[in-house]
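Please find one structure pasted underneath; my questions will follow.
The values are calculated or read from the model by the stated rules, or taken from the named source; none is laboratory data. What you see is a predicted model; the values in this text were computed from it and never measured. Cβ atoms come from the backbone with ideal geometry, glycine included; neighbour counts cover every protein chain shown. Accessible surface areas use protein heavy atoms only, side chains included; no ligands, DNA or RNA. Shrake-Rupley method; radii C 1.70, N 1.55, O 1.52, S 1.80 Å.
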Amino acid sequence: MTLSEADTRAQAPQTPGSEWWRTAAIYQIYPRSFADHSGDGVGDLPGVTAHLDDLRDLGVDALWLSPFQRSPQNDAGYDVADYCDVDPLFGTLADFDGMLAGAHARGIRIIVDLVPNHSSDQHAWFQEALRAAPGSRERARYMFRDGKGENGEEPPNNWESVFGGPAWSRVTEADGTPGQWYLHLFDASQPDFDWSNEEVREEFRRILRFWLDRGVDGFRVDVAHGLVKQAGLPDYTPDPDAGSMGGDEASVPYWGQPAVHEIYRDWHMLLAEYDGDRALCAEAWLPSVAQTALWVRPDEMHQAFNFEYLETPWDAAHLRAVIAESIATYSGVGAPTTWVLSNHDVVRHATRLSMTVEVPQGYGVGPQTPGKPDYATGVRRARAATSLMLALPGSAYIYQGEELGLPEATELPDDARQDPTWFRTHGERYGRDGCRVPIPWRADAPAFGFSETGASWLPQPDQWAALARDVQTNDPDSTLSLYRSLLAERRARGLGAGGLEWLEGYPDGVVAFRNGDLTVVANVTGGTVPLPAGSVVVASSPLTDDGIPADTTVWVAAD
Ligand code: GLC
């Protein structure tokens, strides 16, 4: 759709049903960096439970927790060794149940991460596969293949790992000889399952039921576009500028294969057996909004992350186009649009939105990256961008720490880094550690209140003292206060279930629309623009006598 087509008409409410996930504000918890109750420097589930009141006061409807299941933590838990247990690093199953009950008691739903593309190499199945012979039932659960070359010494094809380096590793057979190769789209410690194998499908039905029976409200499905690989595993060379997850590329033999949709149709029916509108959200990096919408057709997943929106530059024409296209496309399949600006895989938007160079997803920002912005510009734009996002109809995701205005930690020392991307590219890509640093709770406490012992698995920048939650709590101009106001007004006015009507007559460089009786104006022009008539409900930065200054979003209610 072109911008002008999308622009010329009002966009109707997009919510045919009243299920909670159509409109929810969902807060992503990255457990290892949220709050550390045990004092070992890694956040945990009791840490989450201890802060449930803070999350209720923030005004979010649901929490999505990144993985806390048993794992050797080679990819921060996205390498799962036992899908139905809690890693001791994060607590116990009883701690999980306590956290879930505490959240539900406060009216907050819980979404857990499900990692079906690959397991850890420490998973019992992979260990069995290593001991078993080529061609065995045990090997058939993963993607084992003979190598090419006279003695099978070359990998089966040329695929590259998302984290850099080859996507194949060779095993040593039980008799000590060099043997088959296995596929790992990510780290060598994350072998890919073979989803053409019914035994794998059955195992994941069991895992879904395990968590549904415990009362979870849904799943965020990791690498949802990757489970099925093109038959014959043809060679493929990625575009180096496309970002690690292949988001810009049209046809990739391991992303977005049509047969993957069958799996989600099956899961849709399984979830429908349960009460309470349980939901599936796809992490699928695809080249267009239209392709992502295939994941949320009525009998598939309920939501998909709108990464197209996340990747949109701070530019009015681009923003209008992606918003219009998203609402039109998702409502065309009866799904809500999701909106998201930050997560644990991308540069935090308080830094990203004012970078002067483009950073592909997964590369990160470090000491040597050019184009780093000053914090004042970054956080000003981030506040304006979030104020725009939370006014849109649909569901919105917030990543822990963005409510404090946290920037990316861009000066982490090399020896602190932990992302496998950093190691597999030999330091060529910084990776994602900079958005994963433990968040500050109290300015004057050890580790800024993240951990009573002062331990922190990644070092926190000293400047974060000024951003600690306790400093912001009673400051009406703080980013935390802004988020609280936005979320409270969004809920009170039912904006998630609302509609969007574009407003004309504003200067170029302004994004202006109406949702219900609220007029929303985001000023991306660089200059000041007039304030519309009515009462100001929220402004992302102070207004001036002349109106709305640059990089500011304002919500105005009709008098
Ligand atoms: C997803 C996760 C990311 C992880 C990868 C492999 O993209 O969000 O953190 O490294 O999958 O599981």
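Take Pro373 and tell me if it is open to solvent by 20 Å² or more (accessible area, probe 1.4 Å), within 16 Å of the ligand (Cβ to nearest atom) and in contact (Cβ under 8 Å) with a residue 12 or more places away in the chain.
No, not satisfied.
Considering Arg442, Arg424, which residue is touching a residue at least 40 places away in the same chain (Cβ under 8 Å) and open to solvent by 20 Å² or more (accessible area, probe 1.4 Å)?
The unique qualifying residue is Arg424.
Just the residues that are of a type in the set (Val, Ile, Thr) and away from the ligand (no atom under 16 Å from the Cβ), please, taken from the stretch 257-286.
Ile263
Here's another thing I want to ask about it. Could you count how many residues in the stretch 106-124 are in a strand (DSSP E or B) and away from the ligand (no atom under 16 Å from the Cβ)?
Of the residues in the stretch 106-124, 2 are in a strand (DSSP E or B) and away from the ligand (no atom under 16 Å from the Cβ).
Which of the residues that make up the stretch 50-88 are under 17 Å from Pro438 (Cβ atoms), open to solvent by 10 Å² or more (accessible area, probe 1.4 Å) and more than 16 Å from the ligand (Cβ to nearest atom)?
Ala50, His51, Asp54
Here is a further query. Is there any pair linking a residue in the stretch 189-210 that is within 13 Å of Lys229 (Cβ to Cβ) and open to solvent by 40 Å² or more (accessible area, probe 1.4 Å) to one that is within 16 Å of the ligand (Cβ to nearest atom) and among the hydroxyl-bearing types (Ser, Thr, Tyr), with Cβ under 9 Å and at least six apart or on different chains, and which?
Close Cβ pairs satisfying both conditions: none exist.
Moving on. Could you check the stretch 168-188 and list, in sequence order, the residues that are without any contact (Cβ under 8 Å) to a residue 40 or more places away in the chain and at negative phi?
Within the stretch 168-188, Trp168, Ser169, Arg170, Thr172, Asp175, Thr177, Pro178, Trp181 qualify.
Evaluate the stretch 389-400: report whether one residue or more is out of contact with any helix residue (DSSP H, G or I) (no Cβ under 6 Å at 6 or more places or on another chain), at pLDDT 95 or above, open to solvent by 20 Å² or more (accessible area, probe 1.4 Å) and part of a helix (DSSP H, G or I).
Looking for residues that are out of contact with any helix residue (DSSP H, G or I) (no Cβ under 6 Å at 6 or more places or on another chain), at pLDDT 95 or above, open to solvent by 20 Å² or more (accessible area, probe 1.4 Å) and part of a helix (DSSP H, G or I), one finds none in the stretch 389-400, hence no.
Show the residue pairs that are 6+ apart or on different chains and have beta-carbon atoms under 7 Å apart, the first residue being within the stretch 330-346 and within 16 Å of the ligand (Cβ to nearest atom), the second being modelled with pLDDT under 95 and not in a strand (DSSP E or B).
Asp345/Gln361; Asp345/Gly362; Val346/Gln361
Could you please give the count of residues in the stretch 352-365 that are away from the ligand (no atom under 16 Å from the Cβ) and either open to solvent by less than 10 Å² (accessible area, probe 1.4 Å) or not β-branched (Val, Ile, Thr) (or both)?
Residues in the stretch 352-365 being away from the ligand (no atom under 16 Å from the Cβ) and either open to solvent by less than 10 Å² (accessible area, probe 1.4 Å) or not β-branched (Val, Ile, Thr) (or both): 6 in total.
Inspect all residues belonging to the stretch 447-466 and state whether any of them is touching a residue at least 24 places away in the same chain (Cβ under 8 Å), part of a loop (DSSP other than H, G, I, E, B) and crowded, with 24+ Cβ neighbours inside 10 Å.
Scanning the stretch 447-466 turns up at least one residue that is touching a residue at least 24 places away in the same chain (Cβ under 8 Å), part of a loop (DSSP other than H, G, I, E, B) and crowded, with 24+ Cβ neighbours inside 10 Å.
Considering only the stretch 487-512, how many residues are in contact with a helix residue (DSSP H, G or I) (Cβ under 8 Å, 6 or more places away or on another chain) and either surrounded by 15 or more Cβ atoms within 10 Å (Cβ to Cβ) or within 22 Å of Ala62 (Cβ to Cβ) (or both)?
11
Tell me, yes or no, whether the stretch 140-152 has at least one residue that is touching a residue at least 40 places away in the same chain (Cβ under 8 Å) and assigned to a strand (DSSP E or B).
yes
While we're here: For the stretch 428-446, give me the residue count where each residue is over 16 Å from Tyr399 (Cβ atoms) and part of a loop (DSSP other than H, G, I, E, B). Spell out the reasoning first.
Of the stretch 428-446, the ones over 16 Å from Tyr399 (Cβ atoms) are 428-431, 441-446.
Narrowing further to those that are part of a loop (DSSP other than H, G, I, E, B): 428-431, 441-445.
Total meeting the criteria: 9.
Go through the stretch 309-329 and give me each residue that's open to solvent by less than 10 Å² (accessible area, probe 1.4 Å) and within 16 Å of the ligand (Cβ to nearest atom).
The answer is Leu310, and nothing else.
Could you tell me whether any residue of the stretch 125-137 is outside any helix (DSSP H, G or I), away from the ligand (no atom under 16 Å from the Cβ), in contact with a Phe, Trp or Tyr (Cβ under 8 Å, 6 or more places away or on another chain) and within 17 Å of Thr177 (Cβ to Cβ)?
yes
Can you go through Arg141, Arg145, Arg170 and tell me which one is under 18 Å from Ala81 (Cβ atoms), in contact with a strand residue (DSSP E or B) (Cβ under 7 Å, 6 or more places away or on another chain) and away from the ligand (no atom under 16 Å from the Cβ)?
None of the other options fit; the residue is Arg141.
Residues that are surrounded by fewer than 21 Cβ atoms within 10 Å (Cβ to Cβ), more than 30 Å from Thr552 (Cα to Cα), among the charged types (D, E, K, R) and more than 16 Å from the ligand (Cβ to nearest atom): does the stretch 221-240 have at least one?
Checked the stretch 221-240: at least one residue is surrounded by fewer than 21 Cβ atoms within 10 Å (Cβ to Cβ), more than 30 Å from Thr552 (Cα to Cα), among the charged types (D, E, K, R) and more than 16 Å from the ligand (Cβ to nearest atom).
Now a separate question. Looking at Arg490, Arg514, which one is under 17 Å from Glu403 (Cα atoms), at pLDDT 95 or above and not in a loop (DSSP other than H, G, I, E, B)?
Selected residue: Arg490, the only one of Arg490, Arg514 that is under 17 Å from Glu403 (Cα atoms), at pLDDT 95 or above and not in a loop (DSSP other than H, G, I, E, B).
A further question follows. Among the listed residues Ala103, Ala94, which satisfies the condition of being among the small types (Gly, Ala, Ser), away from the ligand (no atom under 16 Å from the Cβ) and open to solvent by 60 Å² or more (accessible area, probe 1.4 Å)?
Ala94
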